[in-house]
1. How much length would be gained if the chain were fully extended between Trp115 and Arg77, taking 0.36 nm per residue of separation minus their Cα-Cα distance, in nm to one decimal?
2. Per-residue HN-Hα couplings for region 17-24, Karplus 6.51 cos²θ - 1.76 cosθ + 1.60 at θ = phi - 60°, whole Hz, x for Gly and Pro?
3. Using 1/(1 + (r/R0)^6) with R0 = 41 angstrom and r between the beta carbons of Glu140 and Asn282, what's the FRET efficiency to the nearest 0.05?
4. What distance in nm lies between label points placed 7 Å from Cα along the C-beta direction at Leu162 and Asn123?
5. Based on the Cβ-Cβ distance from Cys21 to Arg289, what FRET efficiency comes out when R0 is 22 Å, to the nearest 0.05?
6. Could you please report the charge total around Gln66, scoring K, R as +1 and D, E as -1 over all other residues with beta-carbon less than 14 angstrom from its beta-carbon?
7. Which order do Ile270, Ile64 fall in if you start with the one that has the fewest other Cβ atoms within 10 Å?
8. Just rank Trp17, Trp280, Trp115, fewest to most, by other beta-carbon atoms within 10 angstrom.
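What follows is calculated from the coordinates using simple rules that are stated; it is not laboratory data. Small disclaimer: the values here were computed from a predicted structure and weren't measured. Ideal geometry is used to build each Cβ from the backbone, glycine not excepted, and the neighbour counts take in all protein chains shown.
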Amino acid sequence: MKILVLGSGADGGVPQWNCSCHACRACREASQPALKPQPQRSQSSVAVSQDGLSWVLLNAAPDITQQIRANPQLQPRAPLEKEAEAEKAQKAAKVPPDSDLHSPIKALVLLDGQWQSVGGLLNLRDRAGLEVYATPPVFEDLTESLSQRFGLENRDSVRWHLLPVAGSQTQAEFRIPGFGGLRFVAFAVPGAVPGAAPGADSVGQRIAVAVEDLASGRVFVYAPDLPTPHDAAEAEAEGEPELAWLQDAACLLVDGSAEWPSRSLAGRRISTHLSHHSRWLNESAGADRQLAAEACELAFDGMVIEV
């Protein structure tokens, strides 16, 4: 299983457009900090593949077109011989130019309804028949706020698939056609997302995703937006399902700002969703030593992970 980190920054990315902190200034000055291969960070999202040819997006950041341009794996490829023959036949039949549109991106899983996670959907809707997976609360939010204004109600533009994580249902296994070697599990993350209606049921407003490679049995977990519990007891009480998945993951791509009870993790731990104020980006505070002590890595845009 291959994972491609498209964006490793929090809302606004790094540098943030209206900030002059040390991390943002370093990016604008094109400095090369020792902690990371490159300082700039677009907003968090990843792509997952079982063969390196077809990809599933986990979140679609507003930076998605920039991220696709930066990663050839997600760009339309030159057609193979059989595809070239079909293309010639299409041209001979005077098929409209839009028939040339294709993409290795086959599906999109939305982890929440925040703009930093869904803004790119407005660009991806130009790909006819995009398969989008979302929980009922996220689906309802997007169809109410975006559909009529931006054309997401067009059934030929976006095909919705509901992940039944809501109410008392905190986990849901699902499969994506064309990715038979991968098993996906959506699990609820505790706490309401910012801006949610007071008193609203929080289950399903925010999820994390585990992806199991059925051939190897190895599991990758993407949890880019975990709330910070007030203490370890609260985390144990509210986050037991999450802790179980984190414990079993061969590779965990987790919110760089989250604090969870110290438990031994068997796999590789990588921090993402990094704010320009993140402690990990403050080199003067000995972040490199902290990373080594916690056996943690920093994600960066364009990072390739094999699980």
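1. On the way: separation 38, 0.36 × 38 = 13.68 nm, distance 2.93 nm.
Contour length minus the Cα-Cα distance gives 10.8 nm.
2. For region 17-24, the Karplus-derived couplings read 4, 10, 10, 10, 5, 4, 5, 5 Hz, x marking Gly and Pro.
3. Values: r = 39 Å, r/R0 = 0.96.
For Glu140 and Asn282, the calculated efficiency is 0.55.
4. For the pair Leu162/Asn123, the computed spacing is 3.1 nm.
5. Step by step, r from the Cβ atoms, then E = 0.55.
6. Working: positive: Arg41, Arg69; negative: Asp63, Asp301.
My count for the surroundings of Gln66 gives 0.
7. Details: Ile270 20, Ile64 25.
If I rank by nearby Cβ atoms, fewest first, I get Ile270, Ile64.
8. Values: Trp17 7, Trp280 22, Trp115 12.
Going from sparsest to densest Cβ surroundings: Trp17, Trp115, Trp280.
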